[in-house]
Every structure is written in structure tokens, then in C-alpha cells.
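Asks: Structure below; questions to follow.
Each reported figure results from applying straightforward, stated rules to the coordinates on display, with no laboratory input. As the structure is a computational prediction, the values presented were derived from the model and not from experiment. We place every Cβ from the backbone using ideal geometry, glycine too, and count neighbours over all the protein chains shown.
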Amino acid sequence: MIFCSTIIPTIGRASLATAVASVLDQSLPEAAHELIVVNDSGAPLPPAPWQHAPRVRILTTNRVERSAARNAGAAVAQGRYLHFLDDDDWLLPGALASFYELARQRETAVWLYGGVTFIDPQGNHLGNLHLRKSGNCFVEAMSAVWIPLQASLIRADAFLVAGGFDPTLTVTEDLDLCRRLALRADFAHTEATVATVLRGETWQSSTPPAQVAQASRQGRERLLADKRAWARLSHSANGSAFYHGRILHTYLSASLLNGRQQRWRTAVQRAAFALLSLIRAGRFLFNPAYWQALRTDTIVHTLITEPSAAYNTISEWLY
């Protein structure tokens with residue numbers, strides 16, 4: 001089995017060539033890596049030299065959206081790890097070599113990730129993001145602290161056991177997968193910054209913003225119903241006042257959501273876990289970061305939109 005399969009679903013953006021080149025230029029031996037481009041544009045791709053590279057395979061789907069297109073690529077992939085890259089983002093030099101070394105050190109981790117750097121379409125630097133946490137990352141995933149898919153390798157066997165991307169989701173499908181895998185097993189990080197991701201006011205996303213919060217809440221509800229969720233959340237807070245506060249925030253939000261939808265039994269259950277998390281917070285109740293977690297709906301959006309040296313590492317701000 002080869003080390004890694006990179007899967008790029010594309011809707012025919014002109015930036016596809018840059019994304020492909022960033023993968024083919026990686027320093028891993030050719031036999032250790034393959035590239036699968038899934039053309040979901042509904043039209044033939046314009047001819048390009050990279051299409052004849054021996055490591056490249058092209059699949060054609062017919063406007064089935066990102067989740068199904070990525071799953072189609074994963075179904076034919078031969079790598080031990082799967083890497084999903086969007087067609088408007090790219091890998092940095094040495095990224096896969098960093099992951100190769102990390103995989104040797106952390107064989108049991110199902111999700112390997114590194115840092116990302118954000119730029120806008122004009123090439124202006126917006127900031128960096130790197131969680132820098134290994135082990136149980138469930139509370140971060142449930143708090144929507146983004147571990148970018150473009151900067152991650154996912155163990156193929158774990159991906160298949162989890163059922164891949166949920167094809168019913170057209171938004172937040174990457175966060176949903178991250179949460180499901182974080183519930184089951186541990187993650188591991190490399191210190192390297194491995195990918196560049198486009199963001200900024202003029203960046204054109206294919207994700208409708210109005211649907212993001214609703215889809216995230218729906219996915220969160222499915223996971224909170226799992227009997228493993230409370231213990232996994234509690235363990236993953238790992239002495240952080242902020243993340244203990246995020247556990248309270250998670251269950252309070254879920255209780256209110258279920259109450260508005262008149263699912264009273266579930267609302268009471270979520271409220272009971274919120275009370276339990278408050279009782280177990282102990283000394284963290286006197287830490288301002290605990291209460292900051294209740295006032296902050298998400299963190300990553302601030303990190304993306306505010307270019308500041310203070311956000312070069314997320315851990316300094318959270319703890």
C-alpha cells in the first residue's frame with residue numbers, strides 16, 4: 001500500500017493547476033503518493049500537461065457535490081492515508097514529508113494535521129492557524145475550532161469505518177467528519193505549516209453562509225446523543241479553563257435548541273449535562289477564560305478575518 005492519496009474534487013476553477021502542481025512537486029518518492037482529481041464540474045476539464053502525469057488519475061462525476069465527489073475519490077484510492085485538497089488551495093513544499101515522519105511516530109492516530117496560512121485572492125497574508133494539540137481533540141471539534149481538511153491526512157481505514165463524508169450534507173461536511181473521527185480516536189499534529197488556504201472578503205466560497213450554523217448544530221446533536229460523548233468531551237478539555245467552558249456552552253446551546261424544537265426530553269437531558277459540567281468545572285469558575293467560552297460562539301472565524309500576530313498560535317489565546 002502506498003503512503004498517501006490526495007483527492008482533489010474540482011468544479012473547474014482555473015486554480016486547479018496550482019493545486020495539482022503543489023501536490024506533484026512534493027518531495028516524497030513517486031511510488032509513495034498518488035493524486036486523484038474528481039471532476040464534478042459537469043463539463044470536460046481543459047487539456048493540461050498534468051493530466052498525463054503517471055501519478056494522476058481523473059474521475060468524472062456529474063455535479064454530485066463535494067461530499068459524494070470526495071467519497072468517490074476515496075473509494076478508488078490506494079493510500080494508507082487520504083488527503084483532501086480543494087481546487088483553490090495548495091500544499092506547501094515539504095508538507096507530505098512532514099506527514100510521513102509524523103505517521104511513523106504516531107501510528108495509532110487517525111487524523112494527522114499541520115498548520116495553515118491564510119491569504120486572500122490578492123495574495124495578502126491574513127494570518128495562520130495551528131491548534132498544536134495531539135491526542136483527544138473532541139472538544140475542539142465540537143467547539144468548531146477548525147482543523148482544516150486541506151492540512152490533514154486521514155487514515156483510510158478509519159475514514160471507511162466512519163462512513164466517509166455524509167453525502168446528505170452540502171455544508172460543514174468536513175467539520176462533521178472531523179467530529180465523528182475525534183469521538184472515536186486520537187489526532188496528532190506536526191509543527192510544520194503545510195497548506196495555504198484562500199479566505200478574505202473577496203474570496204468566493206461555494207458554501208452558503210446561512211446554512212453553516214444550522215448544519216453544524218444538526219451534526220453536533222447527532223454526536224451528543226452518543227453515549228461516549230460526555231466522557232470524551234470531559235477528557236479532551238485537559239485542564240483548559242476555556243474548553244471546560246466550551247463544554248458548558250455546548251450542552252446549554254443544545255438544550256436551548258431542543259427546547260425551541262419542543263423535544264423536551266432531549267432538552268432536559270442536555271441541561272442536566274450542562275449542570276454537571278458546571279459542577280465539575282471547580283476552580284475554572286474563577287478563570288475569565290471559562291466565561292469567555294460562553295460568550296464566544298466560534299473562534300476560528302475571528303482568526304481568519306483579523307490578521308494579527310496574536311493569532312499566530314491559537315493556544316496562547318485559549319489557555
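Asks: Looking at the chain, send over the antiparallel percent of its DSSP beta bridges, to the nearest 5.
Replies: 30
Asks: Here's a follow-up. Tell me the mean residue ellipticity at 222 nm calculated for the chain from its helices only (DSSP H runs of n ≥ 4, each -39500 (n - 2.57), averaged over every residue, nearest 500).
Replies: Computed mean residue ellipticity for the chain: -13000 deg cm²/dmol.
Asks: Quick check: Cα centre of the stretch 222-241 to Cα centre of the stretch 46-82, how many Å?
Replies: The stretch 222-241 and the stretch 46-82 have Cα centres spaced 35 Å from each other.
Asks: Between Ala14 and Arg217, what is the label-point separation in nm under the 7 Å Cα-to-beta-carbon projection?
Replies: Simple spin-label model gives 4.0 nm for this pair.
Asks: Also: In what sequence do Tyr81, Tyr290 fall when counting other Cβ within 10 Å, fewest first?
Replies: Fewest-to-most Cβ neighbours within 10 Å comes out as Tyr290, Tyr81.
Asks: Using each residue's phi in the stretch 3-16, evaluate 6.51 cos²θ - 1.76 cosθ + 1.60 at θ = phi - 60° and report the 3J(HN,Hα) Karplus result to the nearest Hz, with x for Gly and Pro.
Replies: 5, 8, 10, 8, 10, 10, x, 9, 10, x, 5, 5, 6, 3
Asks: Same structure, new question: Using Cβ counts within 10 Å as a stand-in for footprinting exposure, how do Val38, Val64 rank, fewest first?
Replies: Listing Val38, Val64 from fewest to most nearby Cβ atoms yields Val64, Val38.
Asks: Can you bin the stretch 212-306 into rounded, prolate or oblate? Criterion: square roots of the alpha carbon gyration tensor eigenvalues sorted a ≥ b ≥ c, rounded for a/c under 1.5, prolate for a/b above b/c, oblate for the rest.
Replies: Verdict is oblate for the stretch 212-306.
Asks: Shifting gears a bit: Read phi for every residue in the stretch 96-109 and hand back ³J(HN,Hα) as whole Hz from Karplus 6.51 cos²θ - 1.76 cosθ + 1.60, θ = phi - 60°, with x for Gly and Pro.
Replies: 5, 5, 5, 5, 4, 5, 4, 4, 5, 7, 10, 5, 7, 5
Asks: In degrees, nearest 10, range 0 to 90: what is the angle between the Cα axis of helix 173-184 and the longest Cα principal axis of the chain?
Replies: Roughly 60 degrees, rounded to the nearest 10.
Asks: What is the list of residues in the stretch 262-279 whose amide nitrogen lies under 17 Å from a point 7 angstrom out from the Cα of Trp291, following Cα to Cβ?
Replies: Only 278-279 pass the distance filter.
Asks: In a GNM of the chain with a 10 Å cut-off on Cα contacts, which of Gln26, Gln261, Gln214 has the highest mean-square fluctuation?
Replies: In the Gaussian network model the winner is Gln261.
Asks: A further question follows. Using a Gaussian network for the chain with springs between C-alpha atoms less than 10 Å apart, which of these wobbles most: Gly164, Gly94, Gly123?
Replies: Looking only at Gly164, Gly94, Gly123, the largest GNM fluctuation is found for Gly123.
Asks: Consider the candidate values (i) 6, 26, 35, 23, 9, 2, 0; (ii) 6, 23, 26, 22, 14, 5, 3, 1, 0; (iii) 6, 25, 29, 22, 14, 4, 0; state which one is P(r) over Cα pairs in 10 Å bins from 0, in percent computed from the structure displayed.
Replies: Matching the structure shown: (i).
Asks: Where the only charges are on Cβ atoms (+1 Lys, Arg; -1 Asp, Glu), what is the dipole of the chain about its Cα centre, to the nearest 20 debye?
Replies: 1460
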